[in-house]
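Below is one structure, written out as C-alpha cells, with a few remarks after it.
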C-alpha cells in the first residue's frame, strides 16, 4: 500500500486542543475487527464491554517535561526537544534555531543551566548538560510538557497532570500513550472489582511518532526506534488470560508495538531493547486480540497500524463516520475500541 492510501480530510475544529473536564467523559466508537460493524458509545461503557477473563495491557511510560528554551551566546533563540535521555548528563534531541548549532556551541537555559552541543546525527543532536543536577531533575525544574504540534496553544499547568496517565511510572516518553489518558482511578477500581486483570509494558514514546512518513512507498520508510520492555509478570498474565479463554486487550498502539516486538519469535517473551517495528496491513498479529486507541493523524504510522489490525476499509469507514459524528481527534480526543465482540447492544 501507499502512503496516500491513508490520507483523509479532517476539519480543524475536530482536533481536540484541551482535555475534557473528566478523563472518562470521552466518546467511544466501537468497531468489530474486519467486519466493520460500529456502535457509538461513551467511554464509561468500556467496563461493560470487558470480561473478567480478559487482561488489559497498559503502557506505564511517564512523559518527561522534554521541551526546553534557551539562547546561544549570540543571543539567538533555541528550542530543544529531548528525544532520549542517555544518562544523567547526556541526551539526544531536536534543536531548533535560526542557524544549525555546531559542535561546541553552548546553549544557555533558564535558571543558570546550560548545555553543550557535542555532535549531530541526521536530525538529532547529542547534548551534554552541565552542572551537578541530573538531567531529569533539570527537566522537572525548567522543562515544559511537549504537547504535540497539532495542539496550537502553549502548555499550561493542567497539562502536567492531564497529558499523563494516572498509572505513569517509568520516566522517558516525550509523548503520552494517549489511549491510557481516558482511565481515571475510579475506572481502574471498577475494572479490578469486576475481576479484570491488568498488566504493564513500557514503551517510551518518541517524538518520531509525530514525524510524517516522507515516502510514498511504505517499504522505503525507516521507522524511528523506541525503547520497550515486557516484564515476565506480563507474559504470565497474557498466558493466564489465554488459558481462561479471555482476550489480550492492548490499551493503545504503544502497548501493541511493545507486545508485538516481544513476540517476533512467534510467541510472547519477556525482554527489553529498542524496537523499530513498522506494522502495516498484511502484518500477522501474534499477541493482541483487541485494542483501545485514539484517532490518529492522516498518513501516520499509527493509522497504518490500526488499519493492519482491524482492516483498511473498515478503519477508513470508521474515520469517515467519526468525522460525520463530530468525534474529537488525536491526543486529547475520543477513543475507539477495536476487536471481536466489542459491539454489544
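The values are calculated or read from the model by the stated rules, or taken from the named source; none is laboratory data. Every value quoted in this text rests on a predicted model; they were computed, and no experiment measured them. Don't worry about glycine lacking a Cβ; one is built from the backbone with ideal geometry, like all the others, and counts go over all protein chains shown.
Numbers at a glance
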item	result
Residues of segment 132-160 classified as touching a strand residue (DSSP E or B) at 6+ places or on another chain (Cβ under 7 Å) and part of a loop (DSSP other than H, G, I, E, B), total	5
Any chance residue 326 is closer than 28 Å to residue 44 by Cβ, outside any helix (DSSP H, G or I) and at pLDDT 95 or above	yes
Output for segment 197-225, where each listed residue is buried (at least 20 other Cβ atoms within 10 Å of the Cβ) and modelled with pLDDT of 95 or more	199, 200, 201, 202, 203, 204, 205
Residue list for segment 285-313, restricted to those being outside any loop (DSSP other than H, G, I, E, B) and touching a strand residue (DSSP E or B) at 6+ places or on another chain (Cβ under 7 Å)	290, 291, 292, 293, 294, 306, 309, 310
Residue ranges of strands (runs of 3 or more DSSP E) in segment 181-251 with at least 1 members more than 19 Å from residue 292 (Cβ to Cβ) and in the same structural domain as residue 53 (by TED's automatic domain parsing)	226-230
Residue within segment 268-284 that is without any contact (Cβ under 8 Å) to a residue 24 or more places away in the chain, exposed (fewer than 14 other Cβ atoms within 10 Å of the Cβ), in a loop (DSSP other than H, G, I, E, B) and out of contact with any helix residue (DSSP H, G or I) (no Cβ under 6 Å at 6 or more places or on another chain) present	yes
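Condition check ((1) more than 27 Å from residue 176 (Cα to Cα); (2) outside the structural domain of residue 175 (by TED's automatic domain parsing); (3) assigned to a loop (DSSP other than H, G, I, E, B)) across all residues:
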position	(1), (2), (3)
81	no, yes, no
88	no, yes, yes
95	no, yes, no
99	yes, yes, yes
102	yes, yes, yes
